[in-house]
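Notes to accompany the following structure.
The values are calculated or read from the model by the stated rules, or taken from the named source; none is laboratory data. Small disclaimer: the values here were computed from a predicted structure and weren't measured. All Cβ positions, even for glycine, are placed from backbone atoms using ideal geometry, and neighbour counts span all protein chains on display. Please note that ligands, DNA and RNA were not included when accessible areas were found on the heavy atoms of the full protein model with its side chains. Shrake-Rupley method; radii C 1.70, N 1.55, O 1.52, S 1.80 Å.
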Amino acid sequence: MRKTLRWLLSLVVLIGTVSTAGAATAAQPDATGTTETTGTTGTTADIKDRLLAIPGMSLVEEKPYTGYRFFVLTYDQPVDHRNPSKGTFKQRITVLHKDTSRPTVFYTGGYNVSTNPSRREPTQIVDGNQISMEYRFFTPSRPEPADWSKLDIWQAASDQHRIFKALKPIYDKKWVSTGGSKGGMTATYFERFYPRDMDGVVAYVAPNDVVNKEDSAYDRFFAKVGTKECRDRLNGVQREALVRREPLKQKYAEFAAAGDYTFTTVGNLDKAYEAVVLDYVWGFWQTRMLAECDMIPADAKNATDDEIWASVDEITGFASYTDQGLEPYTPYYYQAGTQLGAPTIGFPHIEKKLIRYGYQPPRNFVPRDISMKFQPWAMLDVDTWVKRNANQMLFVYGQNDPWGAEPFRLGKGARDSYVFTAPGLNHYAGVANLVPDQKALATARILEWAGVASAAVQADPEKAKPLAKYDSKLDKRKVERQLRP
């Protein structure tokens with residue numbers, strides 16, 4: 001699958017106010033963010049000492065942030081949770097610590113973990129602690145040598161389960177899991193395999209490719225998304241980039257030579273070029289807002305080669321399908337080709353003679369020495385479980401996000417669970433972007449699941465608001481140009 005298949009979101013929460021019962025008073029951090037915490041035994045110990053007392057936990061570094069303690073750690077995990085004797089690897093996690101009297105948000109983006117302090121939306125809502133996990137097989141959290149057969153959704157869920165079990169004695173209040181995109185998928189899979197661990201789940205823009213070979217929902221999406229004017233602009237540039245394949249490929253060759261880029265994994269420059277171009281329309285709707293359509297050339301046929309190149313590069317990025325662009329995301333493409341599935345879409349605005357390869361499968365983006373076999377039952381199992389068993393789960397989607405064309409849906413067995421869509425939003429949709437009544441309800445449910453909803457909020461969800469003030473450094477989302485989920 002293509003770069004179109006690569007993107008993500010992330011979320012987690014930290015809380016430092018008095019609980020609704022008013023019984024527990026959090027320790028107050030000093031000006032450096034240092035906090036002493038009282039454990040359930042009544043003894044006071046530094047949080048770093050308590051974390052490092054966990055068997056298998058090691059400190060990489062601590063970074064200061066006012067009002068918090070932030071730790072980058074590694075935790076020893078079995079390569080195979082079914083057979084722990086097969087060895088271990090060090091999995092990187094981070095802890096944004098506020099106070100043990102606050103709830104904890106468990107976040108993963110499904111990829112690498114950031115080693116800088118940040119808060120996800122649920123963390124801000126509940127004003128709590130945040131544990132963030134790097135997904136297995138994303139470096140440096142990769143076994144050596146790598147047995148790729150041990151990269152699957154159950155093994156990753158078991159990683160989360162062990163981390164939760166290790167940290168729960170310290171952070172013994174309520175826990176809410178969260179993640180965006182592949183992270184939202186990860187939070188959902190964690191709940192499916194370990195439904196008793198978390199007190200709530202907030203999954204953002206989580207794709208749900210139940211039947212990998214049936215992708216007509218994406219074609220219907222692209223036929224109606226946005227406005228006709230914007231769709232025509234995007235389709236025009238995409239088609240023109242294929243009409244001008246030869247001169248623009250020469251420009252691509254010069255680009256690759258200047259950057260020392262190679263194309264061994266995908267096969268050749270021509271296949272990489274088409275993959276970048278076919279990602280273009282998807283990439284715009286995933287990462288941009290309708291109002292930004294003004295940046296797209298209005299008359300593609302009369303645009304210069306440089307204008308066509310610049311527009312495609314801005315949205316998709318010509319480095320994406322080089323060996324250097326693909327290598328960091330090998331674990332994602334491996335999972336897409338073995339369990340997660342990968343979208344395939346049609347291009348009715350482009351003559352068939354202009355398309356040589358079509359949407360290439362994930363197999364084309366993983367080195368050939370790594371064997372892959374697709375498991376069609378994996379996503380069907382999760383989808384069926386969610387419909388029948390979802391309990392205290394919230395799914396948030398963006399109206400204009402292609403990944404939301406195949407969302408999770410709730411069935412008759414679901415309890416206290418919701419699927420909401422933010423109008424006009426893309427792959428960065430959040431609770432804050434929902435219509436007012438849904439925003440209030442979602443916020444109130446998250447507070448309730450985390451055990452910090454006030455009596456007023458319990459009586460009237462319209463009164464629900466995030467407990468922590470917005471912090472421009474902790475809460476600002478960096479928009480990345482990459483088209484994975």
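Tabulated values for the structure
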read-out: Residue-span extension gain [Lys165 to Glu254] - 0.36 nm each, minus C-alpha spacing; value: 26.8 nm
read-out: Subset of Lys63/Lys90; Lys249/Lys352; Lys224/Lys251; Lys249/Lys353; Lys90/Lys476; Lys63/Lys86 violating a 23 Å alpha-carbon distance limit; value: Lys224/Lys251; Lys90/Lys476; Lys63/Lys86
read-out: Cα-projected label distance for Asp46 with Leu380, points at 7 Å along beta-carbon direction, nm; value: 5.5 nm
read-out: Portion, in percent, of the accessible area of the chain that falls on carbon or sulfur, probe 1.4 Å; value: 51 percent
read-out: The chain: angle of helix 153-167 to the longest principal axis, Cα-based, in degrees nearest 10; value: 30 degrees
read-out: Within straight-line cross-link reach of Lys165, aspartates and glutamates at Cα separation under 19 Å, skipping those fewer than 8 residues along the same chain; value: Asp49, Asp76, Asp80, Asp99, Glu134, Glu191, Asp197, Asp199
read-out: Global size of the chain as Cα Rg and Dmax, reported in angstrom; value: 22.9, 74
read-out: Candidate lysines - alpha carbon under 24 Å from Lys412, same-chain residues fewer than 8 apart omitted; value: Lys387, Lys439
read-out: Sites Glu292 and Val435 - FRET efficiency at Förster radius 25 Å, r taken between beta-carbons, to 0.05; value: 0.70
read-out: Centre separation in Å (Cα based) which lies between segment 415-434 and segment 193-218; value: 14 Å
read-out: DSSP bridge orientation in the chain - percent antiparallel, rounded to nearest 5; value: 60 percent
read-out: Nearest-ten-degree value, helix 245-259 long axis tilted from longest Cα axis of the chain; value: 50 degrees
read-out: Segment 201-357: proportion of alpha-carbon pairs further apart than 26 angstrom, %; value: 30 percent
read-out: Residue among Pro343, Ala319, Leu290 farthest towards the positive dipole end of segment 273-362, charges placed on Cβ; value: Pro343
read-out: Cα principal axis extents for segment 372-413, largest first, Å; value: 32, 28, 13
read-out: Volume per residue that the Cα convex hull of segment 340-474 spans, once the total is divided by residue count, Å³; value: 205 Å³
read-out: Per residue accessible area of the chain, 1.4 Å probe, in Å²; value: 40 Å²
